[in-house]
Amino acid sequence: MLKKFFTAIGEYIILLGKSIQKPQKMRVFWKLFMREINDLGVNSFGLVIFTSIFVGAVVAIQMFNNFDASSFPIPPSFVGYATKAVLVLEFSPTIISLILAGKVGSYIASSIGTMRVSEQIDALDIMGVNSPNFLILPKIIACVIFNPLLIAISIVFGIGGGYVAGILTGNWTTNDYVVGIQMYMPNLFIFYAFTKTIVFAFIIASVPAYFGYNVKGGSLEVGRASTQAVVWTMVFIILSELLLTQLILS
């Protein structure tokens, strides 16, 4: 089991080495890159916005309830600050990345896996095309560039969800919430959030690509590879978060 794991790690690193090279034709690469931006990024807007609004509202309501139940008087404005802090530090970078790992990761693994079992990758190799570079690099760069934008949008809409929750419940005033949002937050928190996002984006693009590229068999194996890809992507996201939290915030 351990030997198989380290063999897979070695194959993954070798595949990345082949992928992260200068594209053979920049015009073709640019076309593929723009397609991946649409498939992996733009198509995720709706899911990210929907999730962020409702989770932002839930976080704000929970924060208010916790503060209200406290034996010490806590100003209502801290609902806004606490909601912002939770969204920036944990929810938007990590939970949204885990959601994207399911959506984007399964798409990458299944699309590349289908090309493998239908021998399209073999055809690219025979024609002298660097197939890992051709198929994987546009996906990695698209995720690394576009995912931080998705996370920034998630933070904004999450804060907006908390604002709407205040209006609907009447538990805190708009002025209190806005004052809380405007409270000072260390720049290190923002740096930490977007550093995590970039690392997670790389994992979301590269790990499923490895599983898809190394599929052996037929359509049934493609489905299994997609499931494995999502599971291992989530595992690596959680492990890398622990490492980054220790390195940046400790």
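The values are calculated or read from the model by the stated rules, or taken from the named source; none is laboratory data. All figures in this text were calculated on a predicted structure; none of them were measured in a lab. All Cβ positions, glycine included, derive from the backbone under ideal geometry; neighbour counts span all protein chains shown. Areas reflect the complete protein model, heavy atoms only, side chains present, ligands, DNA and RNA absent. Shrake-Rupley method; radii C 1.70, N 1.55, O 1.52, S 1.80 Å.
A few points about this structure:
- Helix 219-248 vs. the chain, principal-axis angle (Cα, 0 to 90°, nearest 10): 50
- Peptides 225-232, 114-121, 43-50, 159-166 ordered by average Cβ neighbours within 10 Å, highest first: 159-166, 225-232, 114-121, 43-50
- Per-residue packing, averaged as other Cβ atoms within 10 Å, sorts the ranges 32-38, 106-112 into the order 106-112, 32-38, beginning with the highest.
- Tensor-based shape of the range 54-189 (alpha-carbon gyration tensor, a/c under 1.5 rounded, otherwise prolate or oblate): prolate
- Cα gyration tensor shape for the chain, rounded if a/c is under 1.5, else prolate or oblate: prolate
- Relative to the dominant Cα principal axis of the chain, helix 45-69 is inclined by about 30°.
- As a length-normalised measure over Cα pairs under 8 Å and 6 or more apart, the relative contact order of the chain settles at 33 percent.
- Surface per residue (accessible, 1.4 Å probe) for the range 24-249, Å²: 48
- Tilt relative to the chain, helix 96-117 - C-alpha long axis, 0 to 90 degrees, to 10: 10
- Using a cut-off of 32 Å between Cα atoms, the listed pairs Lys22/Lys216; Lys3/Lys31; Lys3/Lys25; Lys103/Lys216; Lys3/Lys103; Lys3/Lys139 include Lys3/Lys31; Lys3/Lys25 as exceeding that distance.
- Taking the accessible area of the chain, probe 1.4 Å, and keeping the other protein chains in place, the carbon and sulfur fraction comes to 70%.
- Per-residue 3J(HN,Hα) values for the range 176-184, derived from phi via the Karplus relation 6.51 cos²θ - 1.76 cosθ + 1.60 with θ = phi - 60°, read 4, 5, 5, 4, x, 5, 7, 4, 5 Hz in sequence order (x marks Gly and Pro).
- Student exercise, the range 24-249 dipole from Lys, Arg, Asp, Glu Cβ charges, in Debye to nearest 20: 460
- Listed by chain and number, the aspartates and glutamates whose alpha-carbon sits under 16 Å from that of Lys196, ignoring those within fewer than 8 places in the same chain, are Glu90, Glu241.
- For the chain, the mean residue ellipticity at 222 nm estimated from helices alone is -27000 deg cm²/dmol, where every DSSP H run of n ≥ 4 contributes -39500 (n - 2.57) and the total is divided by all residues, rounded to the nearest 500.
- Projecting the Cα atoms of Gly170, Val55, Ile203 onto the dipole axis of the chain, where Lys and Arg carry +1 and Asp and Glu carry -1 at the beta carbon, places Ile203 farthest toward the positive end.
- The 3J(HN,Hα) values that the Karplus relation (6.51, -1.76, 1.60; θ = phi - 60°) gives for the range 82-90 are, in residue order, 5, 4, 4, 4, 5, 5, 6, 7, 10 Hz. Gly and Pro appear as x.
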